[in-house]
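Asker: Would you mind keeping the following structure in view while I ask a few things?
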Amino acid sequence: MKLANDFSLTRRGFLAASLIVTDVLFNRIAGGPNAVAATVGLEPTPACAASDDITPPQTAGPFFKPRSPERKSLLEPGIQGSRIVLEGYVRSTKCKPVQGVLVDFWQADASGVYDNAGYRLRGHQFADAAGRYRLETIVPGVYPGRTRHFHVRVQAPNRPVLTTQLYFPGEPENKSDFIFNAKLVVALSGSPGGKIANFDFVLDLG
Ligand code: FE
């Protein structure tokens, strides 16, 4: 890290470096007025630039339906299950957020059943100016032959569709599902309102 070269290891230098690092962290977390300036000079996240970081495609399976409703919540009366928020960013391999990306989700209900007659637990949205998406839904149930998963189609404006699936960590069926891919596992965390699943889509936009 460049900061280390700018200060000798005196107590004063160490304290000064600590203050700068603290300031950088605070501004990055808080998104404060110095957020952009403070991060100049930081090295990019290595994973961000790796070509193998591109979100891999997967089969759509038999249950995709076009023309899902535009909505950010799939919760509606009568839907049972454990609530979860699925959220993250869509970015390019150059780590730039991609705005206006169509993100179309479909999933099984808590019993592992898809609604093929209507649009329950199906919906699309567009990533915001920061490339962010956020979906309120329930944890999908498992069904024979598959581990727990979401289906998703991701499409940047005027670009090809990336069809893929997202998985959960620690599911026993992950080992026996032939198309499970560890690169597509969400990061799970908890909040007072329920589970949060985090996943960033990385598109190869050339
Ligand atoms: Fe499925």
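The values are calculated or read from the model by the stated rules, or taken from the named source; none is laboratory data. Keep in mind the model is a prediction, meaning the values are calculated, not measured. Ideal geometry is used to build each Cβ from the backbone, glycine not excepted, and the neighbour counts take in all protein chains shown. Heavy atoms of the whole protein, side chains included, go into the accessibility calculation; ligands, DNA and RNA do not. Shrake-Rupley method; radii C 1.70, N 1.55, O 1.52, S 1.80 Å.
Asker: Would you mention how many residues in the stretch 135-155 are within 16 Å of the ligand (Cβ to nearest atom), open to solvent by 50 Å² or more (accessible area, probe 1.4 Å) and within 18 Å of SER82 (Cβ to Cβ)?
Answerer: Summing the residues that are within 16 Å of the ligand (Cβ to nearest atom), open to solvent by 50 Å² or more (accessible area, probe 1.4 Å) and within 18 Å of SER82 (Cβ to Cβ) in the stretch 135-155 gives 2.
Asker: Continuing with the same structure: When residues of the stretch 133-178 are filtered for being of a type in the set (Lys, Arg) and free of Cβ contacts under 8 Å to residues at least 24 places away in the same chain, how many remain? Please lay out each step first, then the result.
Answerer: Pass one, the stretch 133-178, residues of a type in the set (Lys, Arg): 134, 146, 148, 153, 159, 175.
Checking the rest, the ones that are also free of Cβ contacts under 8 Å to residues at least 24 places away in the same chain come to 175.
Number satisfying all stated conditions: 1.
Asker: While we're here: If I filter the stretch 54-63 for residues that are farther than 19 Å from VAL185 by Cα, in the same structural domain as ARG146 (by TED's automatic domain parsing) and not charged (D, E, K, R), do I get at least one hit? Walk me through how you get there before you give the answer.
Answerer: Narrowing the stretch 54-63 to residues farther than 19 Å from VAL185 by Cα: 62-63.
Subset that is in the same structural domain as ARG146 (by TED's automatic domain parsing): 62-63.
Cutting the leftovers down to not charged (D, E, K, R) gives us 62-63.
Taking every residue of the stretch 54-63 in turn, at least one turns out to be farther than 19 Å from VAL185 by Cα, in the same structural domain as ARG146 (by TED's automatic domain parsing) and not charged (D, E, K, R).
Asker: How many residues does the stretch 112-134 hold that are within 16 Å of the ligand (Cβ to nearest atom) and touching a Gly at 6+ places or on another chain (Cβ under 8 Å)? I'd like the intermediate steps shown before the answer.
Answerer: Of the residues in the stretch 112-134, the ones within 16 Å of the ligand (Cβ to nearest atom) are 112-116, 119-123.
Narrowing further to those that are touching a Gly at 6+ places or on another chain (Cβ under 8 Å): 112-113.
Residues in the stretch 112-134 being within 16 Å of the ligand (Cβ to nearest atom) and touching a Gly at 6+ places or on another chain (Cβ under 8 Å): 2 in total.
Asker: Under 9 Å between Cβ atoms, which residue pairs at least 6 apart in sequence (or on different chains) link something in the stretch 54-75 that is within 16 Å of the ligand (Cβ to nearest atom) with a partner that is open to solvent by less than 40 Å² (accessible area, probe 1.4 Å) and aliphatic (A, V, I, L, M)?
Answerer: From residues that are within 16 Å of the ligand (Cβ to nearest atom), the pairs are PRO57/LEU162; GLN58/LEU184; PHE63/ALA108; LEU74/LEU121; LEU74/LEU135; LEU74/ILE138.
Asker: Being hydrophobic (A, V, I, L, M, F, W, C), at pLDDT 95 or above and surrounded by 16 or more Cβ atoms within 10 Å (Cβ to Cβ) narrows it down to one residue among ILE84, ILE79; which is it?
Answerer: Values: ILE79 fails: surrounded by 16 or more Cβ atoms within 10 Å (Cβ to Cβ).
Residue meeting the stated conditions: ILE84.
Asker: Residues that are modelled with pLDDT under 95: which strands (runs of 3 or more DSSP E) entirely in the stretch 90-179 hold 2 or more of them? Break it down into steps so the answer makes sense when it comes.
Answerer: On the way: elements: 102-106, 122-126, 132-138, 149-155, 162-167.
Strands (runs of 3 or more DSSP E) meeting the threshold: none at all.
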